[in-house]
1. Answer yes or no: is there a residue in segment 384-403 that is under 22 Å from the mean Cα position of the chain (by Cα) and of a type outside the set (V, I, T).
2. Quick one: which residue in R417, R396 is without any contact (Cβ under 8 Å) to a residue 60 or more places away in the chain and assigned to a strand (DSSP E or B)?
3. Across segment 142-160, which residue is nearest to the ligand (Cβ to nearest atom) among those that are assigned to a loop (DSSP other than H, G, I, E, B) and over 19 Å from the mean Cα position of the chain (by Cα)?
4. Just checking, which of L204, L124, L168 is closer than 29 Å to W300 by Cα, touching a helix residue (DSSP H, G or I) at 6+ places or on another chain (Cβ under 6 Å) and more than 16 Å from the ligand (Cβ to nearest atom)?
5. Could you tell me whether P163 is at pLDDT 95 or above, crowded, with 17+ Cβ neighbours inside 10 Å and under 29 Å from the mean Cα position of the chain (by Cα)?
6. Does segment 240-296 hold any residues that are without any contact (Cβ under 8 Å) to a residue 40 or more places away in the chain and outside any strand (DSSP E or B), and which are they?
7. Given the criteria within 25 Å of the chain's Cα centre (by Cα), over 13 Å from V277 (Cβ atoms) and assigned by TED's automatic domain parsing to the domain that holds A318, does I106 qualify?
8. Starting from residues that are polar (S, T, N, Q) and not in a loop (DSSP other than H, G, I, E, B), keep the ones in segment 321-366 and report whichever is nearest to the ligand (Cβ to nearest atom).
Amino acid sequence: MSDRYDVVVIGGGPAGYVAAIRCAQLRLKTVCVDEWTAPDGRAVLGGTCLNAGCIPSKALLESSEHYARACDGLASHGVRVGAVKLDLGAMMARKDGIVGDLTRGIEQLFKANGVHWIAGRGQLLAGRRVRVREAGREQARTLEAAHVILAPGSSSMELKQAPLQGELVVDSAGALAFERVPKRLGIIGAGVIGLELGSVWRRLGAETVTLLEAQDSFLPMVDEQVAKEALRIYGAQGLDIRLASRVTGCRVKGRTVEVRYEDGEGEQQARFDRLIVAVGRRPNTDGLADEEARLLLDEWGLIHVDEQCRTNLPGVYAIGDAVRGPMLAHKGSEEGVMVAELIAGHAARVNYDTIPSVIYTHPEIAWVGESEQSLRAAGTDYRSGVFPFAASGRARALGESGGFIKVLAEAGSDRIRGVHMIGPQCGELVAEAVIAMELGGSAEDLALTMFAHPTLSESLHEAALAVHGRALHIPPRRRRKR
Ligand code: NAD
């Protein structure tokens, strides 16, 4: 096998493996280099998303929801079950099975598309060469490439006040593999990961779940009205979210962890059986490029790129979590496709204004585009339409009538600028809003579209109608007396 390629991709996560497949589809001779190994030592593709992030966490979310429903969600449907027993081992084995199937699926896709795969650590050298150190081989090999795509992903950020310690103080990957349900669970960081993992373990029976969050605002990137509703719902579910609580230290005492933190009232202490550190992620760029390659990074270690993911080096692109923008698998995948098309000489771009975000708690939070606070900050005149799930027949039938959908449209043009939702299956519903925005749609376009009844998606229709005060299933806003 020759070591000259049209494209060398470093990283086999959702950004890198998608880029590699698209390159191969475009008849470019492509190799993907990835160093991830499964707990059993097997080299695997899929990166964090498949092995220790999106997929295993969603498997556990789903299982924990079944468990919670069996415990106390079925009686109201007239379904009575006997004593419910948790088999955590079976739940974890199911999760591991899903991960195994999907990572092997990518291997199959590589084979079917003719993508070469090298299990090892890649490093960018000067002149579009990549040095690869393969596990168990003394000698490194050097690949030569016409184009290089860097997709190294990101890792959990560590907190010096709370260093990871065995199974007691863990990061998000460790929290997906607890062997028993912790009675008192502590989480540092009430961001996306903290909330998703806290919800899973609360549903599985953790007696207390305490989230210590340094900021005094909750989910600042989310629309304010949605964040307020979320805080109320999570509180009712038993998540104890303590804002403005900055962790200052942590000590393991026997089988428990003592955490010290400061809040508005001074020094506080809390004791937990397990502690999860979920304070953000940082790009995997340490040692990614040899100094002589002169790859430009910014002050956070992100690879500097332009709108089309070109680095400062000719023929070298970077995509996914290691470049600017939200750390989301789908954003990385779209960048991978764009870069493959550019390499093949086609025109391509990513629309960064329509990236959907989803927080997979129960209920789900999802949004796309601008929030009310960002529109206000930009001085944009807008109209808003809100429809509560409480007025949706389908949500009522599901027994999930909390939350709402909000459509924000520019006042003059009526163009949809943002859609925000909290409620049942919002992670799926948001796709309708993304399509409407991608096609440059207006609130009126959505209002004129027919939605099937009875579905949750009708709530998006009603929210669009509400932009112009025409929602049919909620009382009209009171008109001012003349
Ligand atoms: P995050 O940035 O969402 O949240 C981390 C939180 O930790 C912040 O609110 C921060 O204020 C807080 N924090 C930091 N230092 C602290 C301290 N000393 N004491 C208390 N709180 C502290 O990060 P995350 O939840 O770790 O997620 C990482 C990335 O992964 C995010 O970019 C996210 O988009 C992505 N992700 C996305 C999904 C999804 O799309 N559903 C799921 C998981 C992760």
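1. Yes: segment 384-403 contains one or more residues that are under 22 Å from the mean Cα position of the chain (by Cα) and of a type outside the set (V, I, T).
2. Going through R417, R396 in turn, the sole match is R417.
3. Result: L159.
4. On the way: L204 fails: closer than 29 Å to W300 by Cα; L168 fails: touching a helix residue (DSSP H, G or I) at 6+ places or on another chain (Cβ under 6 Å).
Going through L204, L124, L168 in turn, just one is closer than 29 Å to W300 by Cα, touching a helix residue (DSSP H, G or I) at 6+ places or on another chain (Cβ under 6 Å) and more than 16 Å from the ligand (Cβ to nearest atom): L124.
5. Numbers: at pLDDT 95 or above: yes; crowded, with 17+ Cβ neighbours inside 10 Å: no; under 29 Å from the mean Cα position of the chain (by Cα): yes.
No.
6. Hits for segment 240-296 are A244, S245, G254, G264, E265, D286, E291, L296.
7. So I106 fits the description; yes.
8. Quick first cut of segment 321-366, residues polar (S, T, N, Q) only: 333, 351, 354, 357, 361.
With the extra rule that they be not in a loop (DSSP other than H, G, I, E, B), the set shrinks to 333, 354, 357.
Numbers: S333: 13, T354: 15, S357: 6 Å.
Out of the qualifying residues, it is S357.
The values are calculated or read from the model by the stated rules, or taken from the named source; none is laboratory data. Everything numeric in this text was worked out from a predicted model, so none of it was measured. Because the Cβ atoms are built from the backbone with ideal geometry, glycine has one as well, and the counts that use them run over all protein chains shown.
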